[in-house]
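The values are calculated or read from the model by the stated rules, or taken from the named source; none is laboratory data. Everything quoted here is computed from the prediction, not taken from an experiment. So basically every Cβ, Gly included, is an ideal-geometry build from the backbone, and we count neighbours across all protein chains shown.
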């Protein structure tokens, strides 16, 4: 029996059950930048995003970006946002695929108050970062630890830029940011490392109403709303965060393998119940691939994930396997919108897998998030020289001898003319080999890419064990939150992220559209179930969550 007849037959049963037991849909308990229960209560330690890309203007350099402290309102006076001087912020690089960091970059900070007898953050215009009118000043120290354990101080207790207050206090904010850029020159080999650590615009863009049962505004119901409020909004527009930006020579980090793995984390000193001084530093936040802890892992595992390093992932993979190889977003796309899933042999919106045997379910998702990607079928990319077919067996970004672990992986050998001549927001799915999930650039629309990937957009290239599965290209126009770019332009030079938005001029409601309606029923027959109310489909989804495994 095919999926549509199963769904139709079960809708009546779901309706009866819902009426009998008062079944109501449970709103997904997550949102971007607030991805786990414990860290959502500790904003100053919360990783928001991690990026890594090869500099297109200088392919000998790689850019690493870690961002923290979500939803910084630019008008957050009088105690403006700053790094937490009780936390240590980290960026890690694995250069040999063993899931253990080889290079570590850390940022710590301290605050200096020049005049404690005023409530003011600044007593007059801040013209330079060492201006004494900046009353509550912040200093940062950034270090590098290499594979041999040698520690180098890249920035030694130097002033960062203040928050962007407004034209009276910070009239030339770009100049202040430029003053807070630092360059370390390695005396042993002459390597230049650029460093910035301070407030920036939040570079992520997304409509967080996607967490209202996978609602994608701008679409007709049931994918969008039929009750108003259906215009897409960039939910993080007008907000800032704090970012550590590093530009490093690639040959400093790369050994024999051009593939690097990157993630960020935050540590806090442990608390002592007895009142003694804290004796240890513990990891409280971790972020590699975007949206993993928000929308891939279940709530019960999210705090644990934040506390462990990637080297521990394989040891607990039995707990993670279902989330990766039978992703819940896929179950929802199938149950709510009848999007067919690969490897769903029983047409019941569940992907079969063998418990305890990695990569026996959705191998495409396993590769994207856990090991890096190797093509099982040819895949065509667009390059400066025109279309190029990559053969089966082509290694996109999987390290030799990889130990499975969650992190962003990037093949530093894929750059320059191998990239799409016009960078594509859908990255690899749009034939741009230099885009997400091969690294992550600021322009990459990771929300749309991950929705499409879960729906099977990369399945035939990376898995292909079900030859009959065909991804419907109409989904490119449907599985999108219609928020396709940042609300402000990125910088063309270091530190690349847009300057922090000011309390005077920010705007939180960056609405998109209106958009012309998409004829879903003509272009996508799989949405023939679309007229069924979302609450009934959710009830169906709850029933289908009973797992069937091999």
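For the stretch 329-344, the condition of being assigned by TED's automatic domain parsing to the domain that holds residue 473, touching a helix residue (DSSP H, G or I) at 6+ places or on another chain (Cβ under 8 Å) and over 25 Å from residue 447 (Cβ atoms) holds for none of the residues. Every listed requirement among (1) modelled with pLDDT of 95 or more; (2) in a loop (DSSP other than H, G, I, E, B); (3) buried (at least 22 other Cβ atoms within 10 Å of the Cβ) is met by residue 353 save one, (1). Residue count for the stretch 440-469, restricted to those that are under 20 Å from residue 64 (Cβ atoms) and in a loop (DSSP other than H, G, I, E, B): 4.
Considering 447, 412, the condition of being buried (at least 20 other Cβ atoms within 10 Å of the Cβ), out of contact with any strand residue (DSSP E or B) (no Cβ under 7 Å at 6 or more places or on another chain) and either farther than 25 Å from residue 216 by Cβ or at pLDDT below 95 (or both) is satisfied by 447 alone. Would you confirm, using the coordinates I've provided, whether residue 201 is modelled with pLDDT of 95 or more and under 30 Å from residue 111 (Cβ atoms)? The answer is yes for residue 201.
Residues are listed down the side, and each one gets a yes or a no for (1) in a helix (DSSP H, G or I); (2) over 20 Å from the mean Cα position of the chain (by Cα):
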| position | (1), (2) |
| --- | --- |
| 318 | yes, yes |
| 324 | yes, no |
| 342 | no, yes |
| 346 | no, yes |
| 365 | yes, no |
| 369 | yes, no |
| 376 | no, yes |
| 381 | no, yes |
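When 437, 423 are checked against the criterion of being in a loop (DSSP other than H, G, I, E, B), more than 17 Å from the chain's Cα centre (by Cα) and at pLDDT 95 or above, 423 stands alone in meeting it.
Listed here are the residues, each with its yes/no results for (1) closer than 28 Å to residue 406 by Cβ; (2) outside the structural domain of residue 233 (by TED's automatic domain parsing); (3) more than 21 Å from the chain's Cα centre (by Cα).
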| site | (1), (2), (3) |
| --- | --- |
| 446 | yes, no, no |
| 469 | yes, no, yes |
| 472 | no, no, yes |
| 475 | yes, no, yes |
| 484 | yes, no, no |
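Candidates 165, 140: the one that is assigned to a loop (DSSP other than H, G, I, E, B), touching a residue at least 12 places away in the same chain (Cβ under 8 Å) and either in the same structural domain as residue 244 (by TED's automatic domain parsing) or buried (at least 17 other Cβ atoms within 10 Å of the Cβ) (or both) is 165.
Condition check: surrounded by fewer than 20 Cβ atoms within 10 Å (Cβ to Cβ) and modelled with pLDDT of 95 or more. Does residue 394 satisfy that? It is true that residue 394 is surrounded by fewer than 20 Cβ atoms within 10 Å (Cβ to Cβ) and modelled with pLDDT of 95 or more. Considering 160, 145, 183, the condition of being surrounded by fewer than 16 Cβ atoms within 10 Å (Cβ to Cβ) and farther than 12 Å from residue 502 by Cβ is satisfied by 183 alone. Filtering the stretch 94-123 to residues that are more than 30 Å from residue 408 (Cα to Cα), out of contact with any strand residue (DSSP E or B) (no Cβ under 9 Å at 6 or more places or on another chain) and touching a residue at least 24 places away in the same chain (Cβ under 8 Å) leaves only 119.
For the stretch 70-96, the set of residues classified as closer than 14 Å to residue 107 by Cβ, under 18 Å from the mean Cα position of the chain (by Cα) and surrounded by fewer than 24 Cβ atoms within 10 Å (Cβ to Cβ) consists of 90 only.
For residue 111, the criteria (1) modelled with pLDDT of 95 or more; (2) closer than 25 Å to residue 200 by Cα; (3) in contact with a helix residue (DSSP H, G or I) (Cβ under 9 Å, 6 or more places away or on another chain) hold in every case but one, which is (3).
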